[in-house]
Structure formats: structure tokens, C-alpha cells
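The values are calculated or read from the model by the stated rules, or taken from the named source; none is laboratory data. Bear in mind the structure is a predicted one, so any value in this text is a computation, not a measurement. For neighbour counting, all protein chains shown are included, and Cβ atoms are generated from backbone atoms with ideal geometry for every residue, glycine included.
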Amino acid sequence: MLIWSDDGSRAFIALDRKGEYFAKEPLVNAPRDKAFPVSWDQFHRDARALAWRLASSGPFSAIVAITRGGLVPAAIVARELEVRVIETVSIASYHDYKTQGGLQVLKTIAPEVSSLNDGAKILIVDDLVDTGATAKLVREMLPKAHFATVYAKPLGRPLVDTFITEVSQDTWIYFPWDMGLAFQPPIANDKGG
């Protein structure tokens, strides 16, 4: 939930699974102070670690990947846990790769998947829980499902059941599918910072 303070600045209030207030942070669209680049190798290791951690929580009847970021970890987790039914839910939240905007549901979960075991044996997978806004929306669709992410930030962490690595709220994670190999000038040559 976005709120305005008395001085006109914006802040973000996060709610837990029950809709109760648990955190107040500056707006997430503020400049990111920290970068956390993740290579394909590192992401694969982290996604396999997630599968290993999830193994004792299953078996799962299906996986619901939150697109687009959840597609890659969902494929790895599905292979490791031998889950054959994979569905997607498409929620757009990052509109220019840097700032989070309003949520837009682009594709819902197929009824034949969401009704499996009343949703209790469904695993929801995403790459990251940031503010928890997307997680809250998907939790409303599948309240009994197990929610897992590879990475978690403090505002969204209470909304997931399982994650591997926590990073600070002001860290921007650069996923391998968003990066290409290119020359990077030395930090000492960076005149802006």
C-alpha cells in the first residue's frame, strides 16, 4: 500500500498474509544503492538449492510460475522435484525494469490447475519477492499453496514460505536473463559515483 506522509514524501507499507501491517519503508522506486549481479551458474545453484529445500515440503501436484521471472527457477525446480504439471500466472509489476508500478494481471491460473487438491499441493515459484505486492495478489488466488522464491527482500519475505537468499530492500538484483556480456569501465573511471 502506498501512503503519503505529512512532508509529502511517499512510503510503502507492507502487509503480511493476513493483511496486517508489518513494515514501513521508503518507496521502492527510490534509487537503488546496491547492485547484486547474478550469473547463470549462480542462479542455477540457487534454484537447485531451493528445490533441495522444498523436497521435504512436497510432493507437489503442480507448479505455478509467476512470469516472467519465475519461469527459469520453476523449470529447474520442476526437474529436480519431478513435477510435470507446470502452469503460469502473468503479473506485470516492473514496467521499465527499474521501477515497480501498478500490478496488472495479464494471465490467470487455469481452473483445472488451481482446483487441484483445493490448491494445497501447488507450488508457486518466482525469482524474487520484493515488496510483496505480487506475492499478495497470487496468494489471494491460491491461499493454500506453498510459495517459494530464490531471493527475498525484507518487505516481501513474510509472504513466502521458502526462499534461499535474502538481500536488503535497497539492493537491485541483476538476473542473468537481463544482462549481456559487455565491457565495463573500471570503477575508478566512473565520474558519477
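Return the residue satisfying two criteria in turn: it lies in region 114-127 and is touching a helix residue (DSSP H, G or I) at 6+ places or on another chain (Cβ under 9 Å) and at pLDDT below 95, and of such residues it is farthest from L54 (Cα to Cα). Spell out how you get there, then give the answer.
Step one: list which residues in region 114-127 are touching a helix residue (DSSP H, G or I) at 6+ places or on another chain (Cβ under 9 Å), which gives 114, 119, 122-127.
Checking which are at pLDDT below 95 leaves us with 114, 119.
Working: S114: 20, G119: 17 Å.
Per the criteria, the residue is S114.
Going by the structure shown, is T108 at pLDDT below 90, surrounded by fewer than 16 Cβ atoms within 10 Å (Cβ to Cβ) and over 26 Å from S56 (Cα atoms)? First the steps, then the outcome.
On the way: at pLDDT below 90: no; surrounded by fewer than 16 Cβ atoms within 10 Å (Cβ to Cβ): yes; over 26 Å from S56 (Cα atoms): yes.
So T108 does not fit the description; no.
Tell me whether region 136-156 contains one or more residues that are touching a residue at least 24 places away in the same chain (Cβ under 8 Å) and among the acidic types (D, E).
no
Which of the residues belonging to region 68-88 are closer than 22 Å to K136 by Cα and out of contact with any Leu (no Cβ under 8 Å at 6 or more places or on another chain)?
First, the residues of region 68-88 that are closer than 22 Å to K136 by Cα: 68-74, 77, 86-88.
Correct list: R68, G70, L71, V72, A74, I86, E87.
Return the only residue of I66, I91, I76 being of a type in the set (A, V, I, L, M), touching a residue at least 60 places away in the same chain (Cβ under 8 Å) and in contact with a helix residue (DSSP H, G or I) (Cβ under 9 Å, 6 or more places away or on another chain).
Going through I66, I91, I76 in turn, the sole match is I66.
Return yes when R79 is more than 14 Å from the chain's Cα centre (by Cα) and either closer than 19 Å to R45 by Cα or modelled with pLDDT of 95 or more (or both) and no when it is not.
Details: more than 14 Å from the chain's Cα centre (by Cα): yes; either closer than 19 Å to R45 by Cα or modelled with pLDDT of 95 or more (or both): yes.
Criteria met by R79.
How many residues does region 140-193 hold that are surrounded by 12 or more Cβ atoms within 10 Å (Cβ to Cβ) and polar (S, T, N, Q)?
Result for region 140-193: 5.
In region 61-92, how many are assigned to a loop (DSSP other than H, G, I, E, B) and out of contact with any strand residue (DSSP E or B) (no Cβ under 6 Å at 6 or more places or on another chain)?
Restricting attention to region 61-92, the residues satisfying the condition of being assigned to a loop (DSSP other than H, G, I, E, B) are 61, 68-70, 82-85.
Retained after the next criterion (residues that are out of contact with any strand residue (DSSP E or B) (no Cβ under 6 Å at 6 or more places or on another chain)): 61, 68, 82, 84.
Going through region 61-92 one residue at a time, the tally reaches 4.
Which residue, of G101, G193, is farther than 21 Å from P73 by Cα, in contact with a strand residue (DSSP E or B) (Cβ under 8 Å, 6 or more places away or on another chain) and modelled with pLDDT under 95? Reasoning before the result, please.
On the way: G193 fails: in contact with a strand residue (DSSP E or B) (Cβ under 8 Å, 6 or more places away or on another chain).
The match here is G101.
Might you let me know whether region 159-170 holds any residue that is in contact with a Gly (Cβ under 7 Å, 6 or more places away or on another chain), in contact (Cβ under 8 Å) with a residue 24 or more places away in the chain and not aromatic (F, W, Y)?
Applying the first criterion (in contact with a Gly (Cβ under 7 Å, 6 or more places away or on another chain)) to region 159-170 yields 159.
Now narrow it down to the ones that are in contact (Cβ under 8 Å) with a residue 24 or more places away in the chain: 159.
Then drop every residue that is not not aromatic (F, W, Y), which leaves 159.
There is at least one residue in region 159-170 that is in contact with a Gly (Cβ under 7 Å, 6 or more places away or on another chain), in contact (Cβ under 8 Å) with a residue 24 or more places away in the chain and not aromatic (F, W, Y).
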